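A short reminder: the numbers here are calculations on the coordinates, not readings from a lab. Everything quoted here is computed from the prediction, not taken from an experiment. No Cβ is skipped: glycine too gets one built from the backbone with ideal geometry, and neighbour counts run over all protein chains shown.
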There are 2 protein chains.
Amino acid sequence: MAYDYLAPLRDMRFVIARVLGAPVSWAQCGPLADCDIDTTAAVLEEAARFVREVVLPLNAVGDAEGCTLHGSAVTTPAGFGAAYQAYVEGGWPALPTHPDWGGQGLPLLVDAAVREMLSGCNHAWNMYPDLLHGAYETLKHHGSEELKSRYLADIATGRTLAAMALTEPQAGSDLGALTTKGLPQPDGSLRITGSKIFISAADHDLTEQIVHLVLCRLPDAPPGSKGISLALVPKLLPDGTRNSWTVDSLEHKMGIHASATCALRYEGATGWLIGQPNRGLAAMFLMMNSARLHVGLQGLGHQEIATQNALRQAFERVQFGKPIAEHPAMRHLLLRAQALTEGNRVIAYRAALALDEAEHHADETVRRRQSQLAALLTPLVKAQLTQQAFDTASQALQVFGGSGYTRPCGVEQTLRDCRIAMVYEGTNEIQAIDLLQRKVLADGGAALALLIEEFEAEAAACCAAPSLRDFGEALQAQCAAATQATQRIAAQAKTDAQAPLRAADAYLQAFGHLALAWAWAASARAAQAEAETDPAWAVAKTERMRYGLQWLLPAAAGCWQRATALDAALPALVAPA
Amino acid sequence: MAYDYLAPLRDMRFVIARVLGAPVSWAQCGPLADCDIDTTAAVLEEAARFVREVVLPLNAVGDAEGCTLHGSAVTTPAGFGAAYQAYVEGGWPALPTHPDWGGQGLPLLVDAAVREMLSGCNHAWNMYPDLLHGAYETLKHHGSEELKSRYLADIATGRTLAAMALTEPQAGSDLGALTTKGLPQPDGSLRITGSKIFISAADHDLTEQIVHLVLCRLPDAPPGSKGISLALVPKLLPDGTRNSWTVDSLEHKMGIHASATCALRYEGATGWLIGQPNRGLAAMFLMMNSARLHVGLQGLGHQEIATQNALRQAFERVQFGKPIAEHPAMRHLLLRAQALTEGNRVIAYRAALALDEAEHHADETVRRRQSQLAALLTPLVKAQLTQQAFDTASQALQVFGGSGYTRPCGVEQTLRDCRIAMVYEGTNEIQAIDLLQRKVLADGGAALALLIEEFEAEAAACCAAPSLRDFGEALQAQCAAATQATQRIAAQAKTDAQAPLRAADAYLQAFGHLALAWAWAASARAAQAEAETDPAWAVAKTERMRYGLQWLLPAAAGCWQRATALDAALPALVAPA
């Protein structure tokens, strides 16, 4: 059986239209008001065709061939450049960008569904365009008029690609420790000097121009994270000459072999400040938040492709006289994968819709609230979807048995490729701290209260329908557990500043169960609306969601217990001999 | 930081002597009575040196180089052959085999600790000798005198290596579906014809002679698993000529690149029956049980090497002004890894000790009981240790961050290599069914009752010590939960034969928590005995075990709940379009 991908168009449409009612929200969002579900469906159908025909076939090729470095120039695998050209010609990079800059101005939620497809089918190829939107947002909001007029249209349409140059050997999670220098020049530019590592897509042959967004320190900048500035450093200078930076080496990695992970040296390269001096991290965080949602969508794409291939295998493979799909152990594996994938899709798309509303909704109160919700959901989406992608890919490998461990099967590449997403753009441990400390506790629980309000409304609606009462009650119980746990941690934090750090990981896992309980309930209720037009589909959907409720949600109690085990000891580690 | 390995000699000795009191048991086991803890410690120290100096350095080399096929002959990576020769000359294959056949007759538990070291340091290399003991046991118990005199001494000392030829394309988990033929010849031999896949170490250049234990069907054999016979098929026939089988290809795999995974064709190869016609599976299961314990030990070895390297990294890597070992998120990751690794070591070694007592104890009642316990613990050890090795290796990768995803770091190889162990020798899903159906329910809970009795004695001992009361009470609660859950499933199974199949996966996970609760309690209590000689070590050990109790055991309740969710629906899967 060849590893294949059929975009889950039916489920995407269901989540967007029925579960989230996105077109109703978009109608209140001036520039998005024209986007109805038929437009959305047409775009996604076209994307599905492009992804399957053009991008998917390069996945195994890219894994086998990898990137190569000739001098300081990176060569991508055969076919990558042509596929990217077709991607630009198809207008895909411009999907969510503003018409002022050549974009199509479609909702981020539509773009999110496209990104899901791209990452599942070819994570490594998708690494090149996946950073575009973050660069676009950063430049649009913080760039000078001159920089925007020079670069923004090309970025908004994908003619120029972008890279984020953050990490240095001594500065991984701790960006405040970075030392790359930016020396102001009389002409207003900066001379950038320093080394960076793990820079994805810093060089390649997909586009002529590449811009780096580089974190650096200006002279006399305060130490730590308050002294960091952001610079735009192009590959080609305005006069057409090559800028002074060098790719020293490419990393040999577990997966995403076709994504060029570069060690870079800036040797007095020319750049220009984006935003205010020493406010680089704030500008960068705009890019990082977009990037973190995208990373969550990478997880979702991997989860989907692993699940659907395992499902096909389960119906093709006969053991003990019947397809293995009939064996309870395989049913558990696959129903779990489906319940998590479909639930996570609802959560991720909800975050994307929040970004659309935060940007465009006519009502300022709605904009503010949706912005809070997007910020709250982002670390959850990033951490949960990437962790579960890895778990699901591993479970899918079990369905294939021994073949799953071999290269030609495809699922082991998914497992290797998706693993990086738990690390980059802030490790999942960093996301857990971000969720609990910055997004839940820092505003006194205000954003959380908004989310719980939305979830409780769903619970009430389910409780009102006799056939969905179990969903409603379970969701209500999760809301109560979340509220209570948060209050307990907040109270403890007053006298014990480390308490949230100890609780963060368990809190994120528990919070993920809460969000899934909501997603399953909302999906089951929305499925009732399709019960007349497609009863078999509606029943099966409800059964998968109920599988989540009955078999997966019981793990939530243990997570809440750990999150509130405030007296439990977390001893110091003993140094190795 | 280079990926390194220091055998956990201190912990091994502690588990063997203090937690399990193995030397006291061995004293009742005639041929093992001479093995005291000093002998054991000396052997393990020597093994640790050999493994670190000879086997570990070939791990990355083997991964990069892999095996190659020239014609039908497999070449292993540079250095593998010399290392194996040193291994044979050091007497390591002969450690647990009988002196009658050139062995040293040491306990299987001692051999288990050596296997743990070997697999963690170089899983692929260890694949070659790791099957020896199963082949030895099978031949010793079921082989004719002639076969034994021809092959057993060379197998017992490692001069000949062995392979298990079970799987065929249509017969993976379902061995009853295999079709390889064995045609009796007038001289008493069999002519073997058929194809096998995924045969580890079927050919290589480590030894001249290789014997295959081949499952096949005699003419007119009954269909299914009751018509399967076992044959010994050597590479070199008694007259020195090459037997008629061919390696058609090697698999390209996610990991263990240096282990030759062969597709084989037997073309009228000469072999001889082992054991009775049509009773091949029974003979093979002896080999499989030994192999399954070894696979669990592979998981343990991987868990150990990943954990200790992550710990070193956590003390070397400075972020936010201090070693990351001080950050709560990293402490959680590492304490979890340590609590699981050390707990799993107790469980695996307990199973190995049970095998020693089952074979050699003077008291027949003890032999029978320990045999039941070994059978009960084997599927747990296989499934839990391999699953947790994968989880722990993934967590260890998080500690390394971006570097962890790159080849030179080493931890990504551990993650890739260890993944196969969840699949082969019976997938972990098969182990879960084996545990619940064959080992727990089939004897009416008798074996389980023996284990619970042992665990309850430990719980009582802990409850009697004020400082260990929490361990004792938690273990008591787990024993009660296990007993109750098992009774409920057994009752349900009377009218609902599928119930155990639905519950099996959750039951295994819950059962694993029970076993860990015992291991943590027993270790904490045993550590008190070292409180005077090495108080810092005893305190730290107890803290790690208590971490398991407080932070990991809360997940057990959700597992027991799922295992007994007898009314929860497990809907049929919907076939893909």
task = For B:LYS322, go through the aspartates and glutamates and keep the ones whose alpha-carbon is under 18 Å away, minus same-chain ones fewer than eight residues off.
result = A:GLU168, A:ASP174, A:GLU429
message = I need the inter-copy label distances for A:GLU267: point set 7 Å along Cα to C-beta, values in nm with one decimal, smallest first.
response = 6.0
task = Would you mind checking the tilt of helix B:80-89 against the longest principal axis of the Cα atoms of chain B, expressed as 0 to 90 degrees and rounded to 10?
result = 80 degrees
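In the protein assembly as shown, what percentage of the DSSP-assigned beta bridges are antiparallel, given to the nearest 5? Before the final figure, lay out each step's value.
On the way: 70 of 84 bridges.
Taking every DSSP beta bridge with both residues in the protein assembly as shown, the antiparallel ones total about 85 percent.
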ask   = By average Cβ neighbour count within 10 Å, what is the ranking of A:270-276, B:287-293 from highest down?
value = B:287-293, A:270-276
ask   = Which one of A:LEU109, A:THR542, A:SER144 is farthest out on the positive end of the charge dipole of chain A, using unit charges on Cβ (Lys, Arg +1; Asp, Glu -1) and the Cα centre as origin?
value = A:THR542
ask   = How are the C-alpha pair distances of the protein assembly as shown spread across 10 Å bins, as whole percents from the shortest bin up?
value = 2, 10, 19, 23, 21, 14, 8, 3, 0, 0
ask   = What is the set of long-range amide H partners of A:GLU168 at a cut-off below 5 Å, with H atoms built 1.01 Å from backbone N?
value = A:ILE197
query = Across peptide B:535-544, how many C-beta atoms of other chains are within 10 Å of each residue C-beta, on average?
reply = 2
query = Which net charge results for the neighbourhood of B:ALA460, defined as the other residues with beta-carbon distances under 15 angstrom from its beta-carbon, given Lys and Arg at +1 and Asp and Glu at -1?
reply = -4
task = Step through the residues of the stretch A:140-153 one at a time and calculate ³J(HN,Hα) from phi using the Karplus curve (6.51 cos²θ - 1.76 cosθ + 1.60, θ = phi - 60°), rounding each to whole Hz and writing x for Gly and Pro.
result = 5, 7, 10, x, 5, 4, 5, 4, 4, 5, 7, 10, 5, 5
key: Charged-residue dipole, Cβ positions (Lys, Arg, Asp, Glu), the stretch A:428-563 about Cα centre, Debye nearest 20   = 420 debye
task = Between B:GLU316 and A:ARG407, take the C-beta separation as r, use R0 = 22 Å, and let me know the FRET efficiency to the nearest 0.05.
result = 0.05
message = Output needed: percent of Cα pairs per 10 Å distance bin for chain B, bins running from 0 to the one holding the longest distance.
response = 3, 17, 28, 27, 17, 6, 1, 0
remark   = Computed on Cα atoms, the radius of gyration and Dmax of the stretch B:142-278 in angstrom are 14.5, 45
task = Along Cα→Cβ, 7 Å out, is where each label goes; now give me the distance between the ones at A:GLN528 and A:GLN498 in nm to one decimal.
result = 5.0 nm
inquiry  = Within the stretch B:1-41, list the residues whose amide N lies under 20 Å from a label point set 7 Å along Cα→Cβ of A:SER195.
reply    = B:1-3
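Calculate the FRET efficiency for B:ALA64 and B:HIS252 from the Cβ-Cβ distance with a Förster distance of 22 Å, rounded to the nearest 0.05. Could you put the intermediate results ahead of the total?
On the way: r = 14 Å, r/R0 = 0.63.
Rounded to the nearest 0.05, the efficiency is 0.95.
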request  = State to the nearest 20 debye the size of the charge dipole of the stretch A:31-184 about its Cα centre, where the only charges are +1 on K and R beta carbons and -1 on D and E beta carbons.
outcome  = 440 debye
query = Which whole number gives the average, over all residues in B:169-177, of C-beta atoms from other chains lying within 10 Å of the residue C-beta?
reply = 4
remark   = Reduced to Cα centres, the span from the stretch B:32-47 to the stretch A:116-179 in Å works out to 59 Å
query = Mean residue ellipticity at 222 nm from the helices of chain B, using -39,500 (n - 2.57) per DSSP H segment of n ≥ 4 over the full residue count, to the nearest 500 deg cm²/dmol?
reply = -17000 deg cm²/dmol
query = Which value in nm describes the separation of the simple spin-label points at B:ARG159 and A:ASP34, placed 7 Å from the Cα toward the beta carbon?
reply = 8.5 nm
query = Just which residue of chain B brings its Cβ nearest the axis of rotation onto chain A, and by how many angstrom, rounded whole?
reply = B:GLY558, 2
note = Expected unfolding gain across A:ASP567-A:ALA449 under the 0.36 nm per residue rule, minus the alpha-carbon gap, is 39.9 nm
task = Give me the angle, in degrees from 0 to 90, between the Cα long axis of helix A:446-464 and the longest principal axis of the Cα atoms of chain A, rounded to the nearest 10.
result = 30 degrees
message = Give me, ordered by chain and number, the residues 5 or more places off A:HIS212 or on other chains with an amide H under 5 Å from its own placed amide H.
response = A:ALA163, A:VAL233, A:LYS235
query = Applying the Karplus parametrisation 6.51 cos²θ - 1.76 cosθ + 1.60 with θ = phi - 60° to the phi angles of the stretch B:559-576, what ³J(HN,Hα) value in whole Hz is obtained for each residue in order, glycine and proline being reported as x?
reply = 5, 4, 4, 5, 5, 10, 7, 6, 9, 5, 7, 10, x, 5, 6, 8, 4, x
message = I'd like the Karplus ³J(HN,Hα) series for the stretch A:319-330: coefficients 6.51, -1.76, 1.60, θ = phi - 60°, whole numbers in Hz, and an x wherever there's a Gly or Pro.
response = 9, 6, x, 8, x, 5, 4, 8, 6, x, 4, 6
query = In nm, to one decimal, how far is the modelled label at A:THR365 from the one at B:GLU208, with both set 7 Å along Cα→Cβ?
reply = 9.0 nm
ask   = Given the stretch A:445-577, what whole percent of its Cα pairs are spread farther than 26 Å?
value = 33 percent
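How much of the DSSP bridge set in chain B is antiparallel, in percent, rounded to the nearest 5?
The answer is about 85 percent antiparallel.
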inquiry  = Distances in nm, one decimal, shortest first, from B:ASP496 to the same residue in every other copy, taking the label point 7 angstrom along Cα→Cβ.
reply    = 4.1
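Let me make sure I get this right: for the stretch A:377-536, a, b and c are the square roots of the gyration tensor eigenvalues over alpha carbons, sorted descending. Under 1.5 in a/c it's rounded, otherwise prolate if a/b > b/c, else oblate. Which is it?
On the way: a/c = 2.75, a/b = 1.11, b/c = 2.48.
Oblate, because a/c is 1.5 or more while a/b does not exceed b/c.
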ask   = Mind checking the dipole of chain A: about its Cα centre, +1 per Lys or Arg Cβ, -1 per Asp or Glu Cβ, Debye to the nearest 20?
value = 1120 debye
query = Expressed as a whole number of Å, what is the distance separating the alpha-carbon centroids of the stretch B:386-437 and the stretch A:506-577?
reply = 24 Å
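Calculated FRET efficiency, B:GLN170 and B:GLN85, Cβ-Cβ r, R0 30 Å, to nearest 0.05?
On the way: r = 39 Å, r/R0 = 1.28.
E(calc), rounded to 0.05, equals 0.20.
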ask   = Once Lys and Arg get +1 and Asp and Glu get -1 on their Cβ, which of B:PRO466, B:ALA569, B:ALA263 lies farthest toward the positive end of the dipole of chain B?
value = B:ALA569
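Using only the Cα atoms of the stretch B:212-260, build the gyration tensor, take square roots of its eigenvalues as a ≥ b ≥ c, and label the shape rounded, prolate or oblate: rounded if a/c is under 1.5, else prolate if a/b is larger than b/c, else oblate. It would help to have the intermediate numbers written out before the result.
Values: a/c = 2.96, a/b = 1.30, b/c = 2.27.
Oblate, since a/c reaches 1.5 and b/c is not below a/b.
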query = Shortest first and in nm to one decimal, what separations exist between A:PRO99 and its copies in the other chains, measuring from label points 7 Å along the Cα-to-beta-carbon line?
reply = 9.3
Built amide H within the under 5 Å cut-off of A:ALA565, gap 5+ = none
